[in-house]
Amino acid sequence: GAGVSQTPSNKVTEKGKYVELRCDPISGHTALYWYRQSLGQGPEFLIYFQGTGAADDSGLPNDRFFAVRPEGSVSTLKIQRTERGDSAVYLCASSLRGGDSYEQYFGPGTRLTVT
Amino acid sequence: GENVEQHPSTLSVQEGDSAVIKCTYSDSASNYFPWYKQELGKGPQLIIDIRSNVGEKKDQRIAVTLNKTAKHFSLHITETQPEDSAVYFCAATYTGNQFYFGTGTSLTVIP
């Protein structure tokens, strides 16, 4: 079946601009995660959705970052007033959370470059 | 919060040899420990996982061991093949909400 997809695959923007990154999870997966991965580092947790609500947004670095999942499926990560330090690969993962099932399936990521 | 450390950062082995990657974690409440393989330009792919009520799990050439007392877990790859070359990440979680990742191990299998 289809895996997690993310669009765009690459995004180049100027400092100060607004960007939106989209994630389409695996159908039926209730849990959705956003991570940020800098070069040579492991993924860094940003936010976790269970259904439509953000169950844990403690990883968002500041109020320029915001994410939504209005219908419990597709999610959008929004970054306002982008800074060069926001440049990274943004990864999305989904999971069929039930009982103690924690298995995550990752998308290919969106590479964001802020110039 | 949880802190996961991973060693080594790079590892080169001859084809057919074994590779071992080790991770330690700080939060004794962590109860799920997945391992991911990431190839260039792709997202991490789950290859094996272990829960805190199990000491060892094996899947063909891949095995993971967990020592809860020492708070460390290891990935073992036997009979390595060139296609095993990739970056491997360990992770830990106790809620399934936040996952804490290690810094990665770049494995190179030399033919």
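The values are calculated or read from the model by the stated rules, or taken from the named source; none is laboratory data. Predicted, not measured: the structure shown is a model, and the values here were computed from it. Positions of Cβ are generated from backbone atoms using ideal geometry, with glycine treated the same way; all protein chains shown enter the neighbour counts. Calculation scope for accessible area: heavy atoms of the full protein, side chains included, ligands and nucleic acids excluded. Shrake-Rupley method; radii C 1.70, N 1.55, O 1.52, S 1.80 Å.
Observations
- As computed over segment A:47-115, the Cα convex hull volume per residue (Å³): 97
- Taking other residues whose beta carbon is less than 12 angstrom from the beta carbon of A:D57, and scoring Lys, Arg as +1 and Asp, Glu as -1, yields -1.
- Straight-line reach from A:K11: taking Cα to Cα under 21 Å and skipping same-chain neighbours fewer than 8 places apart, the lysines in range are A:K78, B:K42.
- Cα gyration tensor shape of chain B, rounded if a/c is under 1.5, else prolate or oblate by comparing a/b with b/c: prolate
- Tail beyond 17 Å, pair distance distribution of chain A (Cα, percent): 51
- Net charge contributed by nearby residues that have their C-beta within less than 15 Å of A:S27 (K/R +1, D/E -1): 0
- Nearest-20 debye value, chain B charge dipole, Cβ charges on Lys, Arg, Asp, Glu: 300
- Phi angles of segment A:51-65 translate, via the Karplus equation with coefficients 6.51, -1.76, 1.60 and θ = phi - 60°, into HN-Hα couplings of x, 8, x, 7, 6, 7, 10, 5, x, 5, x, 6, 6, 7, 9 Hz per residue; Gly and Pro are given as x.
- Signed unit charges on C-beta, dipole axis of segment A:22-76, positive-most listed residue A:G28, A:T76, A:T52: A:T76
- Rounded to the nearest 20 debye, the dipole size of chain A about its Cα centre is 440 debye, using +1 on the Cβ of Lys and Arg and -1 on the Cβ of Asp and Glu.
- Per-residue mean of C-beta atoms belonging to partner chains within 10 Å, peptide A:43-53: 3
- Pair A:V12, B:S106: separation of 7 Å Cα→Cβ label points (nm): 2.4
- Net length available on complete extension from B:R51 to B:S26 is 7.4 nm, with 0.36 nm assigned per residue and the Cα-Cα distance removed.
- Peptide B:85-97 has a mean shielding of 3, counted as Cβ atoms of other protein chains within 10 Å of each residue's Cβ.
- Environment charge of A:V74, counting only residues whose C-beta is closer than 10 Å and scoring Lys/Arg +1, Asp/Glu -1: 0
- Inter-chain Cβ neighbour count for B:99-109, averaged per residue, equals 3 (cutoff 10 Å, partner chain atoms only).
- When B:S28, A:S73 are compared by accessible area at a 1.4 angstrom probe, the order from most to least is B:S28, A:S73.
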